[in-house]
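S.K.: I'd like to ask you about the structure that follows.
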Amino acid sequence: MAKLSPRAPRAPSKVGPAFSFHGRGDLGRETKPLVQGHAAGSPSPNSMLRVLLSAQASSARLSGLLLLPPVQPYCLGPNKWGDRPPGGAPHAGPVQGLQRLLEQARSPGELLRWLGQNPTKVRAHHYPVALRRLGQLLGSQPRPPPVEQATLQDLSQLIIRNCPSFDIHTIHVCLHLAVLLGLPPLTLSSSGFPSDGPLVCALEQEQRFRLPPKPPPPLQPVLRGGLRLEAALSCPRFQRHPQHHLIRSLAEARPEELTPHVMVLLAQHLARHRLREPQLLEAIAHFLVAQEAQLNSKVVQKLVLPFGRLNYLPLEEQFMPCLERILAREAGVAPLATVNILMSLCQLRCLPFRALHFVFSPGFISHISGTPHALIVRRYLSLLDTAVELELPGYRGPRLPRRQQVPIFPQPLITDRARCKYSHKDIVAEGLRQLLGEEKYRQDLTVPPGYCTDFLLCVSSSGAVLPVRTQDPFLPYPPRSCPYTTRDPAQRVVLMLRERWHFCRDGRVLLGSRALRERHLGLMGYQLLPLPFEELESQRGLPQLKSYLRQKLQALGLRWGPEGG
């Protein structure tokens with residue numbers, strides 16, 4: 001999903017930010033240079049991950065990393081920070097002018113000079129501005145300005161001296177920014193703001209002083225290593241506002257530092273947010289292979305979920321052999337988990353014959369018929385049977401009996417129904433109505449064996465678009481071995497909307513379920529005409545969209561009568 005971000009603030013300078021904060025919904029979302037810089041960094045876990053995995057990590061440090069309130073984007077004025085002069089009136093122009101100077105500083109030394117030379121104008125909210133600007137400067141591309149150790153130490157000492165006068169929100173934000181400045185690719189841990197350095201420690205101490213005392217918690221076992229990380233990733237606030245740089249850094253952790261539940265949480269996070277992160281997906285695959293003997297099929301189904309959803313086949317050579325061994329070992333123990341694993345492998349076009357023999361056997365089908373999840377299993381088995389029919393001509397094992405088959409996807413998918421107000425379907429339907437006439441297309445028609453189509457046209461051998469009511473809109477399923485011939489055979493053209501949420505977050509790779517649907521419709525004989533979201537979003541109004549659709553249809557050699565409307 002796409003989350004709507006608030007109006008972008010005015011950029012303070014021409015230097016691209018190393019990290020930015022977009023309203024209340026994000027805690028430190030990196031821009032692309034950050035990701036590239038991290039990928040090229042040291043192979044050891046970054047400082048945030050080390051803190052979480054450390055047995056000595058304090059609860060204040062954990063709170064400083066994961067539970068901080070989001071930073072306001074360039075809205076650090078006095079009214080946001082409770083820093084008003086006596087009488088409650090807002091600060092005068094010189095204070096706001098200093099904020100602009102800090103936002104436009106061209107070097108760390110200039111930041112220190114503006115803060116040190118204007119003691120009467122400096123307010124608490126200026127220090128987060130300076131820290132954020134420092135991060136922008138040090139992460140600027142292609143070449144950050146030189147940094148002197150003494151400058152960073154002086155800036156750190158300046159904040160330490162003044163932090164007793166900060167309010168709790170200012171302390172929170174300064175602590176968060178200081179921690180970020182110690183993470184790759186800024187790599188200041190060896191220069192000025194290490195995660196256990198004086199600045200972070202001083203801010204943590206002030207934070208502890210300001211927070212109200214809490215009653216002592218009941219005695220609990222000490223969380224160490226992966227268990228601490230598991231607890232952090234399970235907290236609701238992290239799930240709502242995930243730290244993406246922490247997520248990526250987990251790919252570099254050693255398998256023994258992580259628990260199966262941690263890896264399940266990460267796999268679910270990637271699948272839920274459509275994040276196709278090869279480094280982390282490979283780490284999950286390696287973890288699955290390394291921990292094969294300790295994992296049951298109910299855990300494995302969750303670990304393989306992002307691979308199918310994100311249409312990513314890992315490079316790990318033992319990935320498929322490992323899954324085949326797990327399926328052979330546990331197929332009869334957890335039927336739903338077994339079918340879920342096969343569904344992910346179906347999206348990857350990697351179905352193992354031995355597992356198919358088992359799930360299509362009369363004993364397995366009889367066993368699942370009396371279970372609460374019988375309908376969903378039958379639907380998945382129907383999809384697997386379709387994949388066998390269309391994609392595995394060499395398979396000679398048992399198949400799903402016809403009486404057990406049900407429509408695969410009898411209606412639009414949940415994500416499409418949930419995002420219908422953002423979809424281009426209505427305006428495309430209106431464009432087709434005015435262009436062809438409403439009798440020459442069908443919308444949301446489900447074709448055998450159960451795939452829902454966006455728009456379907458029937459076309460004669462000469463390219464004329466035919467009224468749908470005069471034709472059978474369905475192609476035979478299973479496909480006949482000989483071409484279906486009549487005196488005037490009609491082609492079926494399916495217009496496929498490719499909305500933004502049909503892709504992984506990078507916008508280039510179709511999600512596994514979408515790629516599977518298009519692949520199967522094409523194998524059944526339907527001619528596909530994709531309508532990518534980039535092209536649809538570039539059309540300004542219905543007249544442009546009609547012209548776009550006309551060009552698309554004519555490129556296929558289609559023709560029709562005068563436009564309606």
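The values are calculated or read from the model by the stated rules, or taken from the named source; none is laboratory data. A quick note: this is a predicted structure, and the numbers were derived from the prediction, not measured. Here the Cβ positions follow ideal geometry from the backbone for every residue, glycine too, while neighbour counts run over all protein chains shown. The area values use the complete protein model at the heavy-atom level, side chains included, leaving out ligands, DNA and RNA. Shrake-Rupley method; radii C 1.70, N 1.55, O 1.52, S 1.80 Å.
S.K.: Can you list the helices (runs of 4 or more DSSP H) lying wholly within the range 304-400 that have 1 or more residues being within 32 Å of the chain's Cα centre (by Cα) and within 29 Å of Cys504 (Cα to Cα)?
M.R.: In the range 304-400, the matching helices (runs of 4 or more DSSP H) lie at 319-330, 335-347, 353-359, 374-391.
S.K.: Condition first: at pLDDT below 95, of a type in the set (Lys, Arg), more than 33 Å from the chain's Cα centre (by Cα) and not in a helix (DSSP H, G or I). Can you find one or more residues in the range 538-548 that meet it?
M.R.: Scanning the range 538-548 turns up no residue that is at pLDDT below 95, of a type in the set (Lys, Arg), more than 33 Å from the chain's Cα centre (by Cα) and not in a helix (DSSP H, G or I).
S.K.: Sticking with this structure for a sec: When residues of the range 394-430 are filtered for being of a type in the set (S, T, N, Q) and at pLDDT 90 or above, how many remain?
M.R.: 3
Residue-by-condition table, conditions (1) open to solvent by 50 Å² or more (accessible area, probe 1.4 Å); (2) out of contact with any Pro (no Cβ under 8 Å at 6 or more places or on another chain); (3) hydroxyl-bearing (Ser, Thr, Tyr); (4) not in a helix (DSSP H, G or I):
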| site | (1), (2), (3), (4) |
| --- | --- |
| Leu266 | no, yes, no, no |
| Phe287 | no, no, no, no |
| Ala293 | yes, yes, no, no |
| Val300 | no, yes, no, no |
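S.K.: For the range 79-100: of the residues being surrounded by fewer than 19 Cβ atoms within 10 Å (Cβ to Cβ) and part of a helix (DSSP H, G or I), which is modelled with the highest pLDDT?
M.R.: Within the range 79-100, the match that is modelled with the highest pLDDT is Arg100.
S.K.: Could you list all residues from the range 445-473 that are acidic (Asp, Glu) and exposed (fewer than 15 other Cβ atoms within 10 Å of the Cβ)?
M.R.: Residue satisfying the conditions is Asp472 alone.
S.K.: Report the residue count in the range 439-473 for those that are free of Cβ contacts under 8 Å to residues at least 40 places away in the same chain, in a helix (DSSP H, G or I) and not β-branched (Val, Ile, Thr).
M.R.: Final tally of qualifying residues: 2.
S.K.: From the list Val493, Val428, pick out the single residue that is within 31 Å of the chain's Cα centre (by Cα) and crowded, with 17+ Cβ neighbours inside 10 Å.
M.R.: Being within 31 Å of the chain's Cα centre (by Cα) and crowded, with 17+ Cβ neighbours inside 10 Å holds for just one of Val493, Val428, which is Val428.
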